[in-house]
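Every number here is computed from the coordinates shown, using simple stated rules; none is lab data. These numbers were taken from a predicted model, which means no experiment stands behind them. Cβ: placed from backbone, ideal geometry, glycine included. Neighbour counts: every protein chain shown.
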Amino acid sequence: MRIRLVVPLFFVGFMSTAHAEASRLKQVWYPSPLRSLSPDQLAQSFLETHLKELGVPFTSLKLMRQQESLLAYHFVYQQYINSLPIQNATISISILKKDQAVYQYYSTVIPGAIAPTLQETITEEQAYDAAWAYIGVQGEIFQAPQAKLHYKKIGPALTLVYSVELSPLNP
């Protein structure tokens with residue numbers, strides 16, 4: 001059993017990782033300005049021309065994965081601030097193979113996201129301890145625990161948190 005907990009840096013406790021943000025799927029038609037553009041270049045061109053609409057700087061987006069389906073290419077970009085990802089803040093762009101055009105995108109990016117000025121107040125080790133205590137693990141674990149530092153939108157603000165994954169044999 002693998003359990004994921006979110007530990008805010010200013011408060012040691014449990015928080016749900018459920019994503020409650022409004023998501024946006026938009027149908028668009030953005031043909032390649034040049035037929036010679038590769039699918040990844042077309043995705044970048046689309047982002048660059050739609051930055052104002054998205055409300056995020058291009059430099060805050062990093063390509064996380066790309067895949068190919070029967071009819072389209074799909075590119076997923078993750079939103080970052082200060083080299084740390086924002087949980088559930090992505091944009092997925094789909095490009096039809098046949099027409100070499102962007103036909104839809106799905107965005108959960110956070111327009112105008114600003115990093116909080118808080119500094120870390122707990123360490124990764126303290127985040128492990130908080131997660132361990134919350135679950136009440138007694139005994140051994142199946143895999144080594146993992147912690148990931150990132151931003152999470154909690155209410156109207158971004159909060160720096162550790163997501164801790166534990167794999168206890170017996171919680």
Once every Cα of the stretch 24-107 carries one equal point scatterer and solvent is ignored, give the base-10 log of I(q)/I(0) from the Debye formula at q = 0.11, 0.15 Å⁻¹, two decimals. -0.27, -0.50
In nm, to one decimal, how far is the modelled label at ALA157 from the one at THR117, with both set 7 Å along Cα→Cβ? 1.1 nm
Could you calculate the FRET efficiency of LYS26 with TYR134 from 1/(1 + (r/R0)^6), where r is the beta carbon distance between them and R0 is 30 Å, rounded to 0.05? 0.15
For the stretch 112-171, give the magnitude of the charge dipole about the Cα centre (Cβ charges: +1 Lys/Arg, -1 Asp/Glu; no others), in debye to the nearest 20. 340 debye
Can you tell me which of 47-57, 79-89 comes out highest on packing, and rank the rest after it, using the mean Cβ neighbours within 10 Å? 79-89, 47-57
